[in-house]
Structure formats: structure tokens, C-alpha cells
1. Set the Förster distance to 25 Å, then compute FRET efficiency between T54 and K180 from the Cβ-Cβ distance, nearest 0.05.
2. Dipole of region 3-184 (Lys/Arg Cβ +1, Asp/Glu Cβ -1, origin at the Cα centre): which of P122, T155, G107 lies farthest to the positive side?
3. Roughly how many nanometres apart are two label points built 7 Å out from the Cα toward the Cβ at E27 and F67?
4. Would you mind calculating the relative contact order of the chain from Cα pairs under 8 angstrom and at least 6 residues apart, reporting the percent as a whole number?
5. For L10, what charge total do you get from the other residues with a beta carbon under 12 Å from its beta carbon, if Lys and Arg give +1 and Asp and Glu give -1?
6. For R20 and N166, compute 0.36 nm times the residue count separating them, minus their Cα-Cα distance, and round to one decimal in nm.
7. Straight-line reach only, C-alpha to C-alpha below 18 angstrom: list the aspartates and glutamates that K160 could link to, leaving out same-chain residues fewer than 8 apart.
8. May I ask you to list the residues of region 1-24 whose amide nitrogen lies under 16 Å from a point 7 Å from Cα along the Cα→beta-carbon direction of K152?
Amino acid sequence: MSKYSFLQKLVKVATKIYIRPKYEGLENIPKSGAFIIAGNHIHLVDPGTIMSITDRPVHFLAKASLFKFPQSLIFNSLDLIKVNRDGKDTDAYAEAINYLKKGEIIGIYPEGTRERGRGLLPFKTGAVRMSLEVGVPIIPFATVGRYRPFRKGVTVRFGKPYNAKNDIEKSNEELRELVKELLERK
């Protein structure tokens, strides 16, 4: 068993016990092939709810400042992609593209940071650019509610696969609107 598989199993158990998320739209998650999963970011534990929906590795993009000892031991074992947010990080982008070309899953929070009560923030274009470059769909998702330890309070809603079009800005806004619709769904 790889380090990732072992840690993913731990994350699944911890998520099920500690977070107890409800999931909607799981039928929209492809069983095979490469795709990007993109949505809003409300809490540090958000990636755990996404990692728990599949047995396949999900390679999240994560800010470089999180890769400090001791958490770097876990983050490196989870095959997270370290992103330098001071500018365009071409190395992180290239690493994500390589994972997609190998048929893997990329997890991304297009807002680039947690919402922190500010509502859905503008999206950066990385998810759309990757989707177009490799020709893979984006699965939009929205995390709704509030994390309450050992009690239900969070729902993760997955939308239908979205295929970006050549107009990057327009596709980016369409992706944001899909996430917004999932957030607002009753």
C-alpha cells in the first residue's frame, strides 16, 4: 500500500467520523480518466471531503507556505502540488498538466484562497486553462454549510461535467456561475 493510499484511508475515516458530510451529485464524478474538480473553498479541511469520494488520488494545488515541517511530511505523501502564489507558477501548472496527461485527477480551488465569510470570490483561470490544454472536463462542486465537529453540517454538491471553450475568460465565468448555482441550490 502506498503512502497516499494509507493516508487517503485515514482521511476517509476521519472525514466520516469528524465531518460527516452529505454528498449530492456523486453520479457526476467520472469513474475513470482524467478530470479537474473545482469549487469553492471555505475551510482547511475541504480537501478531505473531496478525497473521500474516490479511491483514486486527487492531486490538489496548495499554497507553498503550507509545506513547512511537520505538515510537509503529510502533504508531500498526499502528492499535493506546491504553488508559489507570488506570481504565475509555471512549475506547478506543468506538474498538474503532467498528472492530467497520465489520467489523474486534479483538485483546485479557483478562488486561490479560502472565502473566510466573503462569499464566492473571483476565479483565477488555471482550471479552465488546464482543461483546454489537456482536453479534460471540469467537475464543478460547492461546499455548503458549516463544519461542526462530530455533527452533520456540510453538504458537498457536484455538478455535471463542464467542458471549457476557447474563450478562457468566458469559460472561467461560466465555471464560476456553475459553482454559484450549486451554492444557491435549495
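All of the numbers you see were taken from the coordinates with simple rules; none came from a lab. These numbers were taken from a predicted model, which means no experiment stands behind them. Positions of Cβ are backbone-derived with ideal geometry, glycine not excepted, and every protein chain shown enters the neighbour counts.
1. 0.55
2. Among P122, T155, G107, the one farthest towards the positive end of the dipole of region 3-184 is T155.
3. In this crude label model, E27 to F67 measures out at 4.0 nm.
4. 31
5. That works out to +4.
6. 48.7 nm
7. E24, E27, E173, E174, E177, E181, E184
8. The answer is 16-24, whose backbone nitrogens lie closer than 16 Å to the label point.
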